[in-house]
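Worksheet: the structure to be examined is printed underneath.
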Amino acid sequence: MYIIDRSLRFTRGFLLSYGPTPVKKFFWNREFSNGKWNFIDDTAGDCVYSHLDRFAQNKSVLDLGCGPGNTANEMASGYRKYVGMDISEEALAKARRRSEQNGRANKNSFAQGDFLSYVPPQKFDVILFREAMYHVPLGKVKEILDRFSKYLADDGVFIVRLYVVDNGKTKHRPSAMIGIMENEFHVVEKAHYEDSGATVIVFRPKGGAATSNGKKNGNGTR
C-alpha cells in the first residue's frame with residue numbers, strides 16, 4: 001500500500017508540474033474547487049513580504065503562480081500595479097473576490113495561463129516567484145529566468161522564496177536552484193529564515209542596475 005500511495009503522489013506531483021497545460025489546468029482547478037488548498041488562504045507574516053514591500057513601493061509587480069490572491073491582498077498597499085498569473089481559474093476567481101473585498105480591485109488584475117509559456121503584457125519592476133519556482137525543472141531554471149528577464153524594468157528585480165531546509169535537513173533541489181541564481185545573476189540581497197527553513201533571494205540579471213550585495217541571517221537582519 002505504501003508503494004502504491006507513493007507512486008500516486010509522485011504521478012500527481014509530476015502532472016501538476018510537468019504535464020500538458022490542459023492536464024495541469026484540470027488538476028489545479030479541481031484541487032482549488034474541492035478545498036484542498038484552503039489552508040494557504042492566510043499567509044500574512046510570510047518572510048517574503050519584508051523583501052517584497054521594500055522593492056514594490058510605488059512599483060509594478062508580476063506574481064507568477066499567484067494562487068488565491070495571498071500576495072495581492074497581504075502585501076503592503078503602497079505598490080502601484082499588481083498582476084497575478086495562475087493556471088487555475090478557480091484560484092483566480094477567489095483572488096478577484098478578495099481584491100474586491102479589500103478595495104484593491106483598481107490596482108490588482110489577474111491572468112490565466114501556464115507560467116512556463118506565459119508572455120507578460122509589459123515590463124515589471126518586480127517579478128515574484130513565490131511558489132511557482134517549485135514547478136520549474138532544475139535544468140530549466142536559468143532558461144526561465146533569462147526569458148522573464150526581458151520583462152524586467154531596467155532596475156527591476158526577481159524575488160524568489162524557496163524552502164531549502166526541512167526538519168533540519170537541506171533539500172537538494174531548492175538549494176541547487178538558489179545556487180543557480182547566485183552563480184548566474186547579480187544578488188541584491190539574500191536571507192535565510194531558520195524558523196521556517198525558507199530562503200528569500202532578490203536578484204537581477206548581471207549587468208543591470210548596480211546595487212551592492214546584502215546577505216542576511218535567519219532573523220532577517222544584515
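The values are calculated or read from the model by the stated rules, or taken from the named source; none is laboratory data. Since we're looking at a predicted model, the values are computed, not measured. Because the Cβ atoms are built from the backbone with ideal geometry, glycine has one as well, and the counts that use them run over all protein chains shown.
Looking across segment 52-83, the residues that are among the hydrophobic types (A, V, I, L, M, F, W, C) and farther than 14 Å from residue 40 by Cβ come down to 52, 55, 56, 61, 62, 64, 75, 76, 83. Taken over segment 43-86, the residue count meeting the criterion of being crowded, with 24+ Cβ neighbours inside 10 Å, in a loop (DSSP other than H, G, I, E, B) and among the hydrophobic types (A, V, I, L, M, F, W, C) is 1. Given the structure, is residue 109 hydroxyl-bearing (Ser, Thr, Tyr) and not in a helix (DSSP H, G or I)? Against the criterion (hydroxyl-bearing (Ser, Thr, Tyr) and not in a helix (DSSP H, G or I)), residue 109 qualifies. Figure legend. Inter-residue proximity from segment 43-58: first residues closer than 10 Å to residue 159 by Cβ and modelled with pLDDT of 95 or more, second residues among the charged types (D, E, K, R) and assigned to a loop (DSSP other than H, G, I, E, B), beta-carbon distance below 8 Å, spacing 6+ or different chains. Indicated pairs: 48/130. Considering segment 113-151, and only residues there that are touching a Cys at 6+ places or on another chain (Cβ under 9 Å) and not charged (D, E, K, R), the residue that is modelled with the lowest pLDDT turns out to be 132.
For segment 137-163, a residue qualifies if it is β-branched (Val, Ile, Thr) and surrounded by 19 or more Cβ atoms within 10 Å (Cβ to Cβ), and the qualifying residues are 141, 157, 159, 160. Using the structure shown, decide if residue 97 is outside any loop (DSSP other than H, G, I, E, B), surrounded by fewer than 24 Cβ atoms within 10 Å (Cβ to Cβ) and charged (D, E, K, R). The answer is yes for residue 97.
In segment 137-162, what residues are under 16 Å from the mean Cα position of the chain (by Cα), outside any helix (DSSP H, G or I), under 22 Å from residue 51 (Cα atoms) and not charged (D, E, K, R)? 151, 152, 156, 157, 158, 159, 160, 162 - these are the residues of segment 137-162 that are under 16 Å from the mean Cα position of the chain (by Cα), outside any helix (DSSP H, G or I), under 22 Å from residue 51 (Cα atoms) and not charged (D, E, K, R).
Taking segment 163-222 as the region of interest, the strands (runs of 3 or more DSSP E) fully inside it that hold 1 or more residues being among the basic types (Lys, Arg) and at pLDDT 90 or above are 185-193, 198-205.
For segment 30-37, the criterion of being part of a helix (DSSP H, G or I), in contact with an Asp or Glu (Cβ under 8 Å, 6 or more places away or on another chain), modelled with pLDDT under 90 and of a type in the set (A, V, I, L, M, F, W, C) is satisfied by at least one residue.
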